[in-house]
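Colleague: Please see the structure below; I have some questions.
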Amino acid sequence: MATYDKVMTEAIGPEEGAGHLVKQAALVIAGVLLLTLAAKIRVPFWPVPMTMGTFAVLTIGAAYGMRLGVITLLAYLAVGAIGMDVFASSSAENNGLAYMAGPTGGYLVGYVVAAAVVGAFARAGWDRSPVKFFGALLIGNAIIYAFGMPWMIHLFLEDKGWAWVTQWGMTNFLVGDLLKLFLAALLIPTAWNLIGRARS
């Protein structure tokens, strides 16, 4: 695959020196805040309310690239691990490592891997085309389930059975996921077009 010079955040602002380090630190902080906000948003939807967590994970992976995207996701998980209320269903009473060991634990690990993979696709230029980027997003979304579902099976299969695990681990969320992928597939390439026009 051809490698492009930059992912989106590298195309804006300082590219070296102290300014570059400050920019990267600010991006990590902004990313953690965005992930927290996205996790807490609940959009009325069928068959379950839709959060914007996966949308934020995948778009951050694309905009930040593999390295900075992974750092940002790990920072988000670290903030959650110390007890901050940053996850979709966390609360003052249910947070930290205890929350992360619950049903969402596998998906949280999948977030990091998905951000890395989508970041690699973005580095290869897939985020410049809505069609190709949608393919990259599909792969990223599948990775999240590939990590989340085995943990759900481990926790619930014996008591709840396959049908329950499949429904509450994946099926209920697929339509909402598809809509979020379409939105991200339009957003990032459009942003690239705007950057290109601003420079021309």
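The values are calculated or read from the model by the stated rules, or taken from the named source; none is laboratory data. What you see is a predicted model, and the numbers here were worked out from it, not measured in a lab. Glycine also receives a Cβ, built like all others from the backbone with ideal geometry; neighbour counts cover every protein chain displayed. With ligands, DNA and RNA removed, areas are computed over all heavy atoms of the protein, side chains included. Shrake-Rupley method; radii C 1.70, N 1.55, O 1.52, S 1.80 Å.
Colleague: Hey, what do the phi angles of the range 139-154 turn into as Karplus ³J(HN,Hα) couplings, whole Hz, using 6.51/-1.76/1.60 and θ = phi - 60°, x for Gly and Pro?
Modeller: Values, residue by residue: 5, x, 5, 4, 5, 4, 5, 5, 8, x, 5, x, 5, 4, 4, 4 Hz.
Colleague: I want the local charge near ASN94. Using Cβ-Cβ distances under 15 Å, sum +1 for each Lys or Arg and -1 for each Asp or Glu among the other residues.
Modeller: Details: positive: LYS40; negative: ASP85, GLU93.
Neighbour charge sum, excluding ASN94 itself: -1.
Colleague: Give me the Kirkwood hydrodynamic radius of the chain, using the inverse of the mean 1/r over all pairs of distinct Cα atoms, in Å to one decimal. Intermediate results must be reported in sequence, preceding the final value.
Modeller: Working: mean 1/r = 0.0574 Å⁻¹.
Across the chain, the inverse of the average 1/r is 17.4 Å.
Colleague: Same structure, new question: Starting at the first residue of the range 178-187, write each ³J(HN,Hα) from the Karplus equation 6.51 cos²θ - 1.76 cosθ + 1.60 with θ = phi - 60°, in whole Hz, x for Gly and Pro.
Modeller: 4, 5, 5, 5, 4, 4, 5, 5, 8, 5
Colleague: Counting only heavy atoms of the protein chains, get the accessible area per residue of the chain (1.4 Å probe) and round it to a whole Å² value.
Modeller: Per-residue accessible area for the chain comes out at 51 Å².
Colleague: Nearest 10 degrees is fine. How inclined is helix 17-40 to the longest principal axis of the chain, computing both from alpha carbons?
Modeller: With both axes taken from Cα atoms, the answer is about 30 degrees.
Colleague: Can you grab the distance from the C-alpha centre of the range 1-54 to the C-alpha centre of the range 139-164, Å, no decimals?
Modeller: So the separation of the two Cα centres works out to 26 Å.
Colleague: What are the residues whose amide H is under 5 Å from the amide H of GLY125, where those residues sit 5 or more places off or on another chain and H is modelled from the backbone?
Modeller: Residues meeting the amide H criterion: TYR4.
Colleague: Go ahead and run the numbers for FRET between LEU178 and PHE156, Cβ-Cβ distance against an R0 of 25 Å, rounding to 0.05.
Modeller: Calculated transfer efficiency: 0.55.
Colleague: Identify which of GLY83, GLY13, GLY96 has the largest mean-square fluctuation in a Gaussian network model of the chain, with springs joining Cα atoms closer than 10 Å.
Modeller: Top of the fluctuation ranking is GLY13.
Colleague: A further question follows. In the structure displayed, which of LYS23/LYS132; LYS160/LYS180; LYS132/LYS180 lie more than 23 Å apart, Cα to Cα?
Modeller: LYS23/LYS132; LYS160/LYS180
Colleague: Can I ask one more? At a Förster distance of 22 Å, what's the computed FRET efficiency of ALA124 paired with ALA146, Cβ-Cβ distance as r, to 0.05?
Modeller: According to the calculation, E is roughly 0.55.
Colleague: Heavy atoms only, probe 1.4 Å: what % of the accessible area of the range 132-182 goes to carbon and sulfur, would you let me know?
Modeller: Of the solvent-accessible surface of the range 132-182, carbon and sulfur hold 72 percent.
Colleague: To continue, here is another question. Using a 1.4 Å probe on the protein chains only, how many percent of the accessible area of the range 1-88 belongs to carbon and sulfur? Let's see the in-between values first.
Modeller: Numbers: 3220 of 4460 Å².
Of the solvent-accessible surface of the range 1-88, carbon and sulfur hold 72 percent.
Colleague: Still on this model: Report the FRET efficiency, 1/(1 + (r/R0)^6), for GLU93 and ILE29, where r is their Cβ-Cβ distance and R0 is 22 Å, rounded to 0.05. Before the final figure, lay out each step's value.
Modeller: On the way: r = 26 Å, r/R0 = 1.20.
Computed FRET efficiency for GLU93 and ILE29: 0.25.
Colleague: Amide H of MET50: which non-local residues (sequence gap of 5 or more, or other chain) have their own amide H closer than 5 Å, using H built in the peptide plane?
Modeller: Excluding prolines and chain starts, which carry no amide H, the hits are VAL43, PHE45.
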